[in-house]
Each structure stands twice: as structure tokens, then as C-alpha cells.
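What follows is a single structure, written as C-alpha cells, with notes after it.
The values are calculated or read from the model by the stated rules, or taken from the named source; none is laboratory data. Not measured: the values here are computed from a predicted model. Neighbour counts are summed over all protein chains in view; Cβ atoms, including those assigned to glycine, are modelled from backbone coordinates with ideal geometry. Quick note on the areas: whole protein, heavy atoms, side chains included, nothing else; ligands and nucleic acids left out. Shrake-Rupley method; radii C 1.70, N 1.55, O 1.52, S 1.80 Å.
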Amino acid sequence: MSGNASPEVAGSIPSAGASWWRRNAAWLILSGVVILLLAVTSIVFALWRTDQVAVRPGSVEDVASRVTVSGVAVYPPDSQIALVTVLVSQRLNIWQRIGAAFESGVDIEPERTFTGDATRQELRRLNDLRMETSQHTAIVVALEHLGYEIPRHASGVIVVQAISGSSAAEVLERGDVIVGMDGVPVTGLEDLADVLATRRAGQVVNLRIERDGGGADEMVEVELLASSDGADRVLIGIEARERTDVGDLPVDIDIDSGAIGGPSAGLALALGIIDLMTPGELTDGHRVAATGTISFNGAVGAVGEVDQKAIAAQKAGVDLFLVPTANLQDALSHVSGDMRVVGVDSLQEALEAIAGGYALGDGRDRRR
């Protein structure tokens, strides 16, 4: 009977493993495609940079620890006046952009808000220049407040930046100093305004400038613009400030700003120097932080990113935060708890706010 049995054919019965792969082939292919797409997407999201940056609360830095005064007595305070910084990221990739959207206390802004038409490197140079100017002005203002007489005079108009698309943007660079127009000497903004008052929009003028700190002057041509605010006046097409030459200072003061740039530490630097060179405790044992530009006449100017600075000050346990009056409402909208916020327009108002009890918990209004 064995001879009538059908012979076995090798491989005629599929293995269990092969059968499983065939049954699930479609699902496996789909899963592989999905995983591949996710991997590619993840890589693209990591490599693709947006045009946005994240702005985060920075640090609160005591001014006195950054200031060195030589030749006169100093009185290091126990509770110091501080400056406040913000942190601006590089361009966010898509993953970072998504994460920042869910991060508390972070603003997401276009990079052009900070750089304009400049590169990051150009912005760094500009902020270093602004910090250097801020330090110099703060030192002079503080010394004059302390009774020192310091001779100073305007010696030109510094180009901070040119309006994009203007004739000026093609020939002027940040840091250029305008010292003449059409043969007329320019020592300050008033001189520049006087010459522009005799010109008309579309007219080409010759500017005499100093560049890169060099002694030799250069001549450039600029076509004047009509004012966009409807006023009957013409513009060069630049943001500018006066260059002020100061005589020899009676006290040697050095400020180490480290990696901090920009002009917004001016008020804090002036207050910190005054505190360091004045006997006793200017802040009466409380921690005070400040932000705002400072001018040679003691005026305090508005700054950017005050909301992030207010958050940083509050997290650091600051008792009193001084801000430019123009930025007060923005700061107040991001503050809760016991930190007091006061808007000021001048160095004198800042000193009065510190001395007037705003940080002492005496029942006064916490904010104004």
C-alpha cells in the first residue's frame, strides 16, 4: 500500500513566517512609507530656518560689579542697582518655532524687527557702538550729577541707520559721521536741520563724512526725500544722533559690559555709578533695576522688549523697576505680584522715585 502513496513535494506547504509577511504586506508597506515621511519631515523641520526669532527674558546684572572707579573714594552698596537684558535667539527652525509657541513668557518676532536690512554681524557691531556710546554718556551724566564740571560739545551727526530704499542707504554706513553739507559745517542736529530747511525734496546734496574713525573726510552724494508725515520739510533718509566730544574726565571710570550690547542700559549705568560714588545706600537696602536710554541732558528714552525685561526683573526678585514713561503700560501688563514699576523721563525723576518710597512698601500706589 505504501507504493500507492503520493510522494511529498518539497515546499508545497508555506511556512508560517512567509504566510504572515504576505498577509501583512500592505500594512507593512504603508507603515514604512509613513515612517519614512516622518523621518524626512523631522529632518526638514530641523534644517528649515524660519525668518522668526524667540525673545526671552534675560538676566538682571548688578551695575556696581561691572564698574571700576579709580582716583576717588567709592562706597560699594550692599543692595545694588541692576540693568536688565533680554535673550534673542538665532532664527528658529520649525521644531523650535513650534516649541516656543507653547513656552511661557516668550515673544516670537520677525528677525527684521532687530536687524532691519543688516546682517547679524552688522547688528552686533551697531549694538557694540550703541553700548559704548551709552557707557560714555552715562559716565558724563553721573559725574555732572555728582558736581563735576565736564566740558563737552557736539562735533557731528552719527548715522545710526539709513532708510531702506533711500539714496542714503546706498552710500552711507552705520557709524558714519556727517560733518558738513554742501560746504556748510555740521556740528550737530540743529546745524543739519538749518541746512535742510533751505533744500527741497529730490535735490542732490554733498555730504562730508568721517568713516571708520579715520581722520580723512569723504564726500558722498545723497538725494533728499520728502517727509512722509505731511510736514513741509525734507529728509536725508537716516536715523541719526549727535556725536559729542567730551574733555578729559576728572575721574577714571571703566565699565565692563561683557556681551551686553545696545543703548538701553544707559539709565541703570548712570544710577549705578552715582550709587557707587555716594556714601550710604541709595536704594535703602532694596533691589532696584532700571532700563532706558540716557542722554547728555539726563533725559530717559524709550527702549524695546520692556515686557521681557519686566518678567526678568520680577523673576529676579527686584523690588522696584524703573522704566521710561513711554514703556510703562507695556511693563505693567506683564507684571504681577509685589514688584513696583515706575515710569520716569529723566535721571532726576529716577533718583526721586528711588528716594520717594516706591520700593519701601509704605502704602503708596505701587505703580504710576
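Annotation: of all residues in the stretch 163-176 being open to solvent by 10 Å² or more (accessible area, probe 1.4 Å) and touching a Lys or Arg at 6+ places or on another chain (Cβ under 8 Å), the one that is nearest to residue 244 (Cα to Cα) is 175. For the stretch 89-108, does any single residue satisfy the condition of being among the basic types (Lys, Arg) and in contact with a Gly (Cβ under 6 Å, 6 or more places away or on another chain)? Checking the stretch 89-108: not a single residue is among the basic types (Lys, Arg) and in contact with a Gly (Cβ under 6 Å, 6 or more places away or on another chain). Among the residues making up the stretch 70-87, those that are among the β-branched types (Val, Ile, Thr) and touching a helix residue (DSSP H, G or I) at 6+ places or on another chain (Cβ under 6 Å) are 74, 81, 84, 86.
Of all residues in the stretch 34-66, those satisfying the criterion of being among the acidic types (Asp, Glu) and open to solvent by less than 70 Å² (accessible area, probe 1.4 Å) are 61, 62.
Scanning the stretch 277-302 for residues that are of a type in the set (A, V, I, L, M) and touching a Leu at 6+ places or on another chain (Cβ under 9 Å) returns 277, 282, 288, 289, 290, 294, 299, 300. Condition test on residue 57, is it part of a loop (DSSP other than H, G, I, E, B), in contact with a helix residue (DSSP H, G or I) (Cβ under 8 Å, 6 or more places away or on another chain) and either within 30 Å of residue 276 (Cα to Cα) or at pLDDT below 90 (or both)? For residue 57, the condition - part of a loop (DSSP other than H, G, I, E, B), in contact with a helix residue (DSSP H, G or I) (Cβ under 8 Å, 6 or more places away or on another chain) and either within 30 Å of residue 276 (Cα to Cα) or at pLDDT below 90 (or both) - is not met.
Answer yes if at least one residue in the stretch 257-271 is touching a Leu at 6+ places or on another chain (Cβ under 6 Å), of a type in the set (A, V, I, L, M, F, W, C) and surrounded by fewer than 20 Cβ atoms within 10 Å (Cβ to Cβ), and no otherwise. Taking every residue of the stretch 257-271 in turn, none turns out to be touching a Leu at 6+ places or on another chain (Cβ under 6 Å), of a type in the set (A, V, I, L, M, F, W, C) and surrounded by fewer than 20 Cβ atoms within 10 Å (Cβ to Cβ).
On the given criteria, is residue 90 in contact with a helix residue (DSSP H, G or I) (Cβ under 9 Å, 6 or more places away or on another chain) and touching a residue at least 60 places away in the same chain (Cβ under 8 Å)? The answer is no for residue 90. Considering the stretch 65-88, and only residues there that are under 27 Å from residue 307 (Cβ atoms) and outside any strand (DSSP E or B), the residue that is modelled with the lowest pLDDT turns out to be 79. When you check residue 335 against the structure, is it assigned to a loop (DSSP other than H, G, I, E, B) and either touching a Pro at 6+ places or on another chain (Cβ under 6 Å) or aliphatic (A, V, I, L, M) (or both), yes or no? In short, yes. Is it the case that some residue within the stretch 188-208 is touching a Gly at 6+ places or on another chain (Cβ under 7 Å), charged (D, E, K, R), within 30 Å of residue 119 (Cβ to Cβ) and surrounded by 16 or more Cβ atoms within 10 Å (Cβ to Cβ)? The answer is yes; a qualifying residue exists. Considering the stretch 211-292, the qualifying strands (runs of 3 or more DSSP E), each wholly inside and each with 1 or more residues that are modelled with pLDDT of 95 or more and under 29 Å from residue 61 (Cβ atoms), run over 288-290. Any idea which residue in the stretch 89-117 is most open to solvent (accessible area, probe 1.4 Å), counting only those that are touching an Asp or Glu at 6+ places or on another chain (Cβ under 8 Å) and either at pLDDT 80 or above or assigned to a loop (DSSP other than H, G, I, E, B) (or both)? By that ranking, first place goes to 91.
Taking first residues from the stretch 237-253 that are open to solvent by 40 Å² or more (accessible area, probe 1.4 Å) and partners that are of a type in the set (Lys, Arg), the Cβ contacts under 9 Å between residues at least 6 apart in sequence or on separate chains come to 245/152. Among residues that are of a type in the set (S, T, N, Q), within 17 Å of the chain's Cα centre (by Cα) and open to solvent by less than 30 Å² (accessible area, probe 1.4 Å), residue 283 is not included.
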